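J.: Okay, here's the structure, questions in a sec.
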Amino acid sequence: MMKEKITILNENGLHALPASRFVKTAEKFKGDVTLIKDGVEVSGKSIMGILTLACEKGSTVVLTCNGVDEKNMMKALKRILEGQD
Amino acid sequence: MPRERIHKGIAVSKGIAHGTAFKYETKKVEVFQTPILSVYLHEETERFRKAVAKTKRELLSIQKRINEEIGEDFAQFLDAQIMMLDDKEILRKVKERIIKEKKNAEYVYNQVISDYAKKLSQSKDQYFQERVADIWDVGMRVLRNLLGLTHSSIIDIPVGSVVIAHDISPSEAALMNPENILGVAAEAGGRTSHTAITTRALEIPAVLGIENLMSRVKNGESVIIDGDRGILIRHPSSGRINYYRTAKKKEEKLAEALTPYCELPPKTRDGRHIDISANIEFFSEYTHALKYGAEGIGLFRTEFLYLTRRANPTEEEQYRVYNALAQRMKPHTVIIRTYDLGGDKIFSEYHEANPFLGWRAIRVCLDEPEFFNIQLRAILRASINKNVKIMFPMISTYEEIRRINLILRKVKKELASEETAFDKDVQVGIMVETPSAALVSTHLAQEVDFFSIGSNDLTQYTLGVDRGNEKISKLFDHFHPAVINLIKRITDAGHDAHIWVGLCGELAADPLAIPLLIGLGLDELSMSPASIPRAKMILRTLTIPDCEEIAQAALDFRTALEVKRFLRREIHKKFPGIEGVL
């Protein structure tokens, strides 16, 4: 299991568009993914869950990836949260 | 007969509609809790799966229609809705709970999405709060499908209706049929709402933001919508009905008579070509520009890209829109104006006493380089089509244009170093719309490739009149000699520096003004698409020496009224053929 604290650097926070990109990317991997913000945990494969976290630019989340492909998954998802993708 | 009542709202889509009020209410879906016998649980989850699948088919077909009729850019909200519908977490939760609690699908689904909607509505960020509407737009669709209810009665609205609603959801707005729906009035929504964009794209007159509309209007009563003035009239008097009927007939007759001019080249009788181009706000309006015979987009207002999202669109999102517009308009020119936004629109915590004299447009962009750079990069990338020009609004000092050019050079270098393609010779121009810019236009002309005179703001700033203020709006007159003299000065300054000069305010479409503007030497007139055929008709009647004579004399009058009287007289004498369209 991999866990990392990440600051959302995406221009507008995790709005619908980046959130859907996040989910689409997450779905390409076998492992499980969760996002935790202010003690609330949601599945990283659920756009509705991610939206309810209301992640604005500059907020921090804990990203957890768990599974056989967790390393690549972490890398790909981190890029989206940091607005590099 | 009850007395006539007039209700004021926000004018979002032009035109006049007189029809029968059709109150459009999304029927509240009532969800009951029913126990399900164990043997039927599998069937219940199947029923849910099918309702979701049906909903998805509906959303995809709506998306297809929007793509075709309104524009791909606008269909994006449906991507998010489809993903919300397909959310595996929700589908799993609903299935599990149906089986565990032995309850009916609509009850469980309603509970599950209510939870999400509640959490979202507690967010402090406006953007996230507004997604609640998307959740319910999708959620209601699923519930109606589960219950076997028909939705979107908006498709089946009878011919001749004026739709009266509290609000129209985005996916429903996209289904409106202009054959049946004469006009739209709603309590919610503003100039950048989905309803505004859709009605304008479909050319349905619309007025939004009318208070207490639903409680006042009765189904089946006669109403008039005036989409130019932004009013709804209940129980119109026979005089009022006649007035609008005559106005509409006249408008239609004129439009019909002018239709052939859409196709004709914009040339004066003695052969001078004047660019007649279109001002547009939304991508989808390029179809109107082409339909009415525009030779390009003289002003693409990019604010709406921002306002409809309430967030800065990414470089990629902007590029897609600019690029698509440039491609569809080829071989004609597209002038993209950078954000003309007030600071309060971008930073919710920012407020000021005097927004028109405040931190807006280029002033914001120069202070927020990151924000500005994204837009410049996107426009430059689209310039690879070779028909894009960039324009900057609200210039009031020479330093500003020097700074802009420096920034532009930096951004171009950045793109070149990334080997991203753009047009190295892309033309750069400014809006001349402040008296200060007009008075130093000789210097500004040395730094740019073109001027476009923003006559609305130029009038407002020159006369010191806020046209939105009803008490003084009579003082707003773009025929004021001060304004005309400034236009002359700007045009001369541009031509002395061998750059072209256009005008993109309402003055450009004013039939009385066209001979004057041509006489002053303007090279381009940009206006709302529907005004183009008339402008061409007028243009094709004019001769340059006569117009120049008119312009020369018009500069010396004392009042706007004197100028207008003079213009009428001269047109009567020199171009009687256009008196009928004044």
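J.: Mind listing just one residue for me: the one in region A:38-50 that is in a strand (DSSP E or B) and within 11 Å of chain B (Cβ to nearest Cβ) and, of those, surrounded by the most Cβ atoms within 10 Å (Cβ to Cβ)?
T.: So the residue we want is A:Val42.
J.: List every residue pair whose Cβ atoms sit under 9 Å apart, with the two residues 6 or more apart in sequence or on different chains, where the first one lies in region A:57-71 and is on the phi > 0 side of the Ramachandran plot and the second, anywhere, is assigned to a loop (DSSP other than H, G, I, E, B) and surrounded by 14 or more Cβ atoms within 10 Å (Cβ to Cβ).
T.: Final answer for the pair search is A:Gly58/A:Ile8; A:Gly58/A:Gly13; A:Gly67/A:Phe29; A:Gly67/A:Gly31.
J.: If you don't mind, another one. Please verify whether region B:28-35 includes one or more residues that are more than 25 Å from B:Pro170 (Cβ to Cβ), within 14 Å of chain A (Cβ to nearest Cβ) and surrounded by fewer than 14 Cβ atoms within 10 Å (Cβ to Cβ).
T.: No; the residues of region B:28-35 include none that is more than 25 Å from B:Pro170 (Cβ to Cβ), within 14 Å of chain A (Cβ to nearest Cβ) and surrounded by fewer than 14 Cβ atoms within 10 Å (Cβ to Cβ).
J.: Can I ask one more? Does B:Arg403 count as basic (Lys, Arg) and free of Cβ contacts under 8 Å to residues at least 40 places away in the same chain?
T.: Yes; evaluated as a whole, the condition is true for this residue.
For every residue, the table says whether it meets (1) touching a Lys or Arg at 6+ places or on another chain (Cβ under 7 Å); (2) of a type in the set (S, T, N, Q); (3) modelled with pLDDT of 95 or more; (4) closer than 20 Å to B:Glu4 by Cα.
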{"residue": "B:Ser193", "(1), (2), (3), (4)": "no, yes, no, no"}
{"residue": "B:Ile197", "(1), (2), (3), (4)": "no, no, no, no"}
{"residue": "B:Pro205", "(1), (2), (3), (4)": "yes, no, yes, no"}
{"residue": "B:Asn212", "(1), (2), (3), (4)": "no, yes, no, yes"}
{"residue": "B:Gly220", "(1), (2), (3), (4)": "no, no, no, yes"}
{"residue": "B:Asp226", "(1), (2), (3), (4)": "no, no, yes, yes"}
{"residue": "B:Leu232", "(1), (2), (3), (4)": "no, no, yes, yes"}
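J.: Do any strands (runs of 3 or more DSSP E) entirely within region B:1-74 hold 2 or more residues that are farther than 28 Å from B:Ile280 by Cα, and if so, which?
T.: Where strands (runs of 3 or more DSSP E) fall fully within region B:1-74 and carry at least 2 residues being farther than 28 Å from B:Ile280 by Cα, they are B:5-8, B:16-24.
J.: What about B:Ala530, is it buried (at least 21 other Cβ atoms within 10 Å of the Cβ) and touching a His at 6+ places or on another chain (Cβ under 8 Å)?
T.: no
J.: Could you look through region B:81-113, keep only residues that are closer than 24 Å to B:Ile36 by Cα and free of Cβ contacts under 8 Å to residues at least 12 places away in the same chain, and pick out the one that is nearest to the other protein chains (Cβ to nearest Cβ)?
T.: Looking at residues that are closer than 24 Å to B:Ile36 by Cα and free of Cβ contacts under 8 Å to residues at least 12 places away in the same chain, I get B:Glu89.
J.: Identify all residues within region A:12-37 that are touching a Lys or Arg at 6+ places or on another chain (Cβ under 7 Å) and surrounded by 16 or more Cβ atoms within 10 Å (Cβ to Cβ); write none if there are none.
T.: A:Asn12, A:Gly13, A:Ala16, A:Val23, A:Ala26, A:Val33
J.: If only one of B:Leu78, B:Leu60 is closer than 18 Å to B:Ser193 by Cα and either buried (at least 22 other Cβ atoms within 10 Å of the Cβ) or more than 14 Å from every other protein chain (Cβ to nearest Cβ) (or both), which one is it?
T.: Result: B:Leu78 is the single residue among B:Leu78, B:Leu60 that is closer than 18 Å to B:Ser193 by Cα and either buried (at least 22 other Cβ atoms within 10 Å of the Cβ) or more than 14 Å from every other protein chain (Cβ to nearest Cβ) (or both).
J.: Scan B:Ala551, B:Ala509 and give me the residue that is hydrophobic (A, V, I, L, M, F, W, C) and closer than 26 Å to B:Met394 by Cα.
T.: Answer to the selection: B:Ala509.
J.: Would you check which residues across region B:1-18 are basic (Lys, Arg) and over 23 Å from the mean Cα position of the chain (by Cα) and list them?
T.: B:Arg3, B:Arg5
J.: Give the residues of region B:3-14 that are surrounded by fewer than 19 Cβ atoms within 10 Å (Cβ to Cβ) and either out of contact with any Ser or Thr (no Cβ under 7 Å at 6 or more places or on another chain) or within 30 Å of B:Phe282 (Cα to Cα) (or both), sorted by residue number.
T.: Passing the criteria: B:Arg3, B:Arg5, B:Ile6, B:His7, B:Lys8, B:Ile10, B:Lys14.
J.: Just need a number here: residues in region B:416-454 that are without any contact (Cβ under 8 Å) to a residue 60 or more places away in the chain, surrounded by 23 or more Cβ atoms within 10 Å (Cβ to Cβ) and of a type in the set (Gly, Ala, Ser).
T.: 4
J.: Could you check, for region A:65-72, whether at least one of its residues is within 14 Å of chain B (Cβ to nearest Cβ), more than 10 Å from the chain's Cα centre (by Cα) and outside any helix (DSSP H, G or I)?
T.: Looking for residues that are within 14 Å of chain B (Cβ to nearest Cβ), more than 10 Å from the chain's Cα centre (by Cα) and outside any helix (DSSP H, G or I), one finds none in region A:65-72, hence no.
J.: Filter region B:198-240 down to the residues that are crowded, with 21+ Cβ neighbours inside 10 Å and either charged (D, E, K, R) or not assigned by TED's automatic domain parsing to the domain that holds B:Thr20 (or both) and list them by number.
T.: B:Arg200, B:Asp226
J.: Mind checking which residues of region B:119-139 are under 32 Å from the mean Cα position of the chain (by Cα) and of a type in the set (Lys, Arg)?
T.: Matches in region B:119-139: B:Lys124, B:Arg131.
Conditions tested, residue by residue: (1) touching an Asp or Glu at 6+ places or on another chain (Cβ under 7 Å); (2) among the hydrophobic types (A, V, I, L, M, F, W, C).
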residue	(1), (2)
B:Leu254	no, yes
B:Pro265	no, no
B:Gly293	yes, no
B:Leu305	no, yes
B:Thr308	no, no
B:Thr314	yes, no
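J.: Could you please find all residues in region B:282-295 being free of Cβ contacts under 8 Å to residues at least 40 places away in the same chain and buried (at least 20 other Cβ atoms within 10 Å of the Cβ)?
T.: B:Glu295 - this is the single residue of region B:282-295 that is free of Cβ contacts under 8 Å to residues at least 40 places away in the same chain and buried (at least 20 other Cβ atoms within 10 Å of the Cβ).
J.: I'm trying to understand the selection: among the residues of region B:455-466, which are surrounded by fewer than 18 Cβ atoms within 10 Å (Cβ to Cβ) and under 21 Å from B:Leu516 (Cβ atoms)?
T.: Within region B:455-466, B:Asn456, B:Val465 meet the criteria.
The values are calculated or read from the model by the stated rules, or taken from the named source; none is laboratory data. Owing to the predicted nature of the structure, the values given are computational and were not obtained by experimental measurement. Cβ atoms come from the backbone with ideal geometry, glycine included; neighbour counts cover every protein chain shown.
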